[in-house]
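The values are calculated or read from the model by the stated rules, or taken from the named source; none is laboratory data. Please read all numbers here as calculations on a predicted model, not as lab measurements. As a convention, Cβ positions derive from the backbone with ideal geometry for all residues, glycine included, and neighbour counts pool all protein chains shown. Protein only, heavy atoms only, side chains kept; ligands, DNA and RNA dropped before computing areas. Shrake-Rupley method; radii C 1.70, N 1.55, O 1.52, S 1.80 Å.
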Amino acid sequence: MSDKSQIGLIGLAVMGQNLARNLARAHKVTVYNRTTETMQDFIGEHGSENLAGEAELEGFVNSLEKPRKIILMVKAGRAVDAVIGSLLPFLDKGDIIIDGGNSHFPDTIRREKELSEKDMNFFGCGVSGGEEGALNGPSIMPGGSTKVWKELEPILKKIAAKDFEGEPCVTYIGENGAGHYVKMVHNGIEYAVMQMMAEAYDFYRSNGLSASEIGNIFEKYNQGKLKSFLFEISVPILRKKDEKGTDEYLLDLILDKAGQKGTGRWTGIEGLERGIDISCIQQAVNARIVSSRKNYRVELDKKYKKPYADKTLPKDVVKELVPVIENGLYAAMLIAYAQGFDLLRQAAEEMEWDLNYAEIARIWQGGCIIRAQILKTLTEAFKEANNAPLWEIEQIVSDLQDNWLDLRATVSLGVQAGTPLFCLGAALASFEAMSDARGSANFIQGLRDSFGAHTYKRIDQDGIFHTEWS
Ligand code: 6PG
């Protein structure tokens, strides 16, 4: 066996370090980092016969067997182009660069084209699961050329998380930007699910429950159909007491301003540009935007007096509502997924990607941030119905039908409690509009034709019409 490394990895922030350690369990890896000291410290702590570091880029490239496979774990944006540019002088035809960051898919499409023109290969690879996932098994969403996929498949299968059947949470997603697109939509769904959980948390808090009491409810949710990584980690977050001597729950002291690095926003824009309703995802981004205007909210809170009496429900009533809210959350999450997969379907059609939705749901069963029991249901649903839209798949129709009234009740209860329902409200509205044969857009058409002579169609005869309404 050559003493060359099978894989190179550039970028030793924690995600990069952990992915390198994961790779080194089964392959010989060379790492490089712009700041040499970081690489030296990392090798000092984790170096092994399978894990070595190079201080110079040329030495790093020459340490790799051909065709070279180089994983970039650097910040999305210009840094990726800069690293590619610095590598090019040392690379040969057939070499493969794999971008494992949260890059924006148009950048990935551009990079793949630029490198293929040099007879080199570029893979945009969504890697989900954070630092823990990188070390112990992420969900991996690779996009690039099918011929190169064969080179990468065995390596990525070895480091990926496992699905419910014990299979690796990695699959070939599609050409060029498809992998990063699917990762982007994963993050959009992640935003929506987190916001729906936050709205349930807010409902319970508005009804006087303590963080720890809500933690007990979310612990119960994590034993049922909402079982998921996000509900699992929410319980210690809700129960954690502040360690700075305030005797408060730490959560009650956290500033209510949500950050966002951009993937949710990109997804929201995609929905508008491709004409697909992904209101749950867009509303989750809006909720973070509104939260970011904390100072202004404090000002407006002083100007407005809530016009509804404080209708805190008695605790025994709230206890009775726990399963209702659980069903409402489940329906809303199904709707968020249905929206996300609708966007994937539209993008696949327009970008000529051949996406396999059952496989995408399957690799989200493990490793990624949205890993959850619900993904087993979605995987099976897609398989049963040969990847048909979720809205029309029998299992999903039945689940939405069964939980519809509880979603309505959840929204009504949230409104009564004064809980802003960015996502739960959007989920209900979107589902009820999508499943209603006669909507209210006839009224929109009437207004548009009146003020702008934009014309309209009729439901009882063919043709295009305009009316002098006044
Ligand atoms: C993942 C995560 C990760 C992302 C976090 C934070 O799949 O491992 O989604 O990619 O960095 O979600 O992103 P925001 O700052 O946008 O919440």
Surpassing 30 Å at the alpha-carbon level, of the pairs Lys158/Lys227; Lys66/Lys158; Lys118/Lys261; Lys150/Lys183; Lys220/Lys257, are Lys118/Lys261
Calc'd 3J(HN,Hα), region 42-52, phi into Karplus 6.51 cos²θ - 1.76 cosθ + 1.60 (θ = phi - 60°), Hz, glycine/Pro = x, comes to 5, 5, x, 8, 10, x, 7, 4, 9, 9, 10
So the FRET efficiency between Leu405 and Asp119, C-beta based with R0 = 56 Å and rounded to 0.05, is 0.40
The FRET efficiency for Leu255 and Ala79, from their Cβ-Cβ distance with R0 = 30 Å and rounded to 0.05, is 0.55
Of every hundred units of 1.4 Å-probe accessible area on the chain, the number belonging to carbon and sulfur atoms, as a percent, is 52
Computed over region 7-176, protein heavy atoms only, probe 1.4 angstrom, the accessible area per residue in square angstrom equals 42
Distance in nm between Trp469 and Glu380 label points, each 7 Å along Cα→Cβ, equals 5.0
Note, region 366-381: 3J(HN,Hα) by Karplus (6.51, -1.76, 1.60, θ = phi - 60°), whole Hz, Gly/Pro = x, goes x, x, 8, 5, 8, 4, 6, 4, 4, 6, 5, 4, 5, 4, 5, 5
With all protein chains in place and a 1.4 Å probe, Cys280 shows an accessible area in Å² (nearest 10) of 0
The Rg/Rh figure for region 385-453, Cα atoms and Kirkwood Rh, to two decimals is 1.12
Relative contact order in percent for the chain (Cα pairs under 8 Å, 6+ apart) equals 13
Reported to the nearest 10 Å², His27 has, with a 1.4 Å probe, an accessible area equal to 20
Treating only Lys and Arg (+1) and Asp and Glu (-1) as charged, each at its beta carbon, one finds that region 1-153 has a dipole about its Cα centre, in Debye to the nearest 20, of 380
With N residues in region 248-385, Rg(alpha-carbon) / (2.2 N^0.38 Å) equals 1.34
Share of Cα-Cα pairs in region 183-434 beyond 28 Å, whole percent, is 32
With all protein chains in place and a 1.4 Å probe, His454 shows an accessible area in Å² (nearest 10) of 90
With Rh as the Kirkwood radius over Cα pairs, region 111-191 has Rg/Rh of 1.00
Reduced to Cα centres, the span from region 147-199 to region 392-470 in Å works out to 32
Net charge near Pro314 (other residues with Cβ under 15 Å of its Cβ; Lys, Arg +1; Asp, Glu -1) is -1
For region 342-466, dividing by residue count, accessible area per residue (probe 1.4 Å) in Å² works out to 53
At 20 °C in a medium of viscosity 1.002 mPa s, region 7-176 has a Stokes-Einstein diffusion coefficient, with Rh taken as the Kirkwood radius over alpha carbon pairs, in µm² per second, of 136
By the Kirkwood definition, with r running over pairs of different Cα atoms, region 323-470 has a hydrodynamic radius in Å of 17.8
Descending accessible area (1.4 Å probe), largest on the left, turns Tyr337, Tyr32 into Tyr32, Tyr337
D (µm²/s, integer) via Stokes-Einstein for region 419-470, Kirkwood Rh across alpha-carbon pairs, 25 °C, 0.890 mPa s: value 186
Shape call for region 160-295, from the Cα gyration tensor axes a ≥ b ≥ c (a/c under 1.5 means rounded, otherwise prolate when a/b beats b/c, else oblate), comes out oblate
From highest to lowest solvent-accessible area (probe 1.4 Å; ligands, DNA and RNA excluded), Lys302, Lys162 read Lys302, Lys162
Arg297 neighbourhood, Cβ < 12 Å, K/R = +1, D/E = -1, net charge +2
With +1 at each Lys and Arg Cβ and -1 at each Asp and Glu Cβ, the charge dipole magnitude of region 183-434 around its Cα centre, to the nearest 20 debye, comes out at 1040
Residues whose built amide H sits under 5 Å from the amide H of Phe123, excluding neighbours closer than 5 in sequence, are Ile97, Ile98, Asp99
If N is the residue count of the chain, its Cα Rg over 2.2 N^0.38 Å rounds to 1.09
